[in-house]
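The values are calculated or read from the model by the stated rules, or taken from the named source; none is laboratory data. All values derive from a computational prediction rather than experimental measurement. Cβ sites come from the backbone with ideal geometry, for glycine too, and all protein chains shown count toward neighbours.
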Amino acid sequence: MSQQNARLSTSRRRQQIKKGRVVLYTFLTIYLIISLFPVLWMGITSFKEHKEIYTIPPTWIPEKPTLRNYIESLRDRPFGRYVVNSLYVALSVVGLSVACGVLGGYGLARFSFRGSKVVFGAILSSRLIPPIALVVPFNLIMITFDLIDRLESLIVTYTFFILPFIVWIMKGFFESIPQDLYDSAKVDGASKFKTFLFILLPITRPGIFAGAILAFLFSWNEFLFALTLTRKNAMTVPIGIVRYFDEYIDWGLIAGSTVIAIIPAIIFIVFFQRYIVSGITAGAVKY
């Protein structure tokens, strides 16, 4: 009897777990549909003719799919230049902020010096300032150095905002590495530079790629400083899309441009997600 009761209780638990999973997956599916619906509708709209966009009731599948919105955005409008500007700024910010963030996090985590906590607190507190409060100071600085409407002004500004996050992330990663790993590398004759380059960096790859994703997405989507520090030549994707909102709003053109703007971000995230997973696995094996 006891074995039968145990089997019954086990089967009941399995049924409850299955029911809980069904409820959870159903909720996540509904949430995913609601979240992705605007993106899906925007993609559908980008393939519609102008008249079809305003038809009531709306059509889910375009009657005559067209690439006019994409062609006009890239050929007849300067949106392609905006994409190139955004890519240049985002990749530059990723390289600069990740390099400085890794070195800063390593120095604050592994070297003890007078005022290290004050330095770390100052780095983090700089990110607590509301961005709107820094619009005028950054404009004055860029005017002084003749950097208005230049991509360098955006690179410097974005690095200032994203660097504290990356330093904070990397400091936590380096602090989580056991001291035994440093001692074993020292016993094997590895210098501090070789230890950092060949042992620590591979272990901290998840943090490096997480910081790279944050830097890229922030630089790609930032609007406030791109609006105030650029005029014509250094405009980025968010400003280029906003320029389409004039007296006559072409929703098809806006939808096509927005889809073009989403593609590089998706590619960047998908590409680095694979390395994040492999980095976590590699780090676990090394530990």
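Filter segment 37-66 down to the residues that are aliphatic (A, V, I, L, M) and either touching a Leu at 6+ places or on another chain (Cβ under 7 Å) or modelled with pLDDT under 85 (or both), then identify the one that is farthest from Gly240 (Cα to Cα). Only one residue fits best here, namely Ile56. Taking segment 71-101 as the range and being of a type in the set (Phe, Trp, Tyr) and either surrounded by fewer than 17 Cβ atoms within 10 Å (Cβ to Cβ) or in contact with a Cys (Cβ under 8 Å, 6 or more places away or on another chain) (or both) as the test, only Tyr88 passes. Of the residues making up segment 149-196, those that are among the small types (Gly, Ala, Ser) and surrounded by fewer than 19 Cβ atoms within 10 Å (Cβ to Cβ) are Gly172, Ser176, Ser184, Ala185, Gly189, Ala190, Ser191. Inside segment 125-139, residues that are loosely packed, with under 13 Cβ neighbours inside 10 Å and part of a helix (DSSP H, G or I) make up a count of 6. Scanning segment 182-208 for residues that are at pLDDT below 85 and outside any helix (DSSP H, G or I) yields Asp188, Gly189, Ala190, Ser191. Contact map, segment 254-268: first residue small (Gly, Ala, Ser), second residue not in a helix (DSSP H, G or I), Cβ cut-off under 7 Å, separation 6 or more or different chains; pairs are Ala255/Ser46; Gly256/Ser46; Ser257/Tyr244. Within segment 46-70, the set of residues being assigned to a helix (DSSP H, G or I) and either surrounded by 13 or more Cβ atoms within 10 Å (Cβ to Cβ) or in the same structural domain as Gly240 (by TED's automatic domain parsing) (or both) comprises His50, Glu52, Ile53, Arg68, Asn69, Tyr70.
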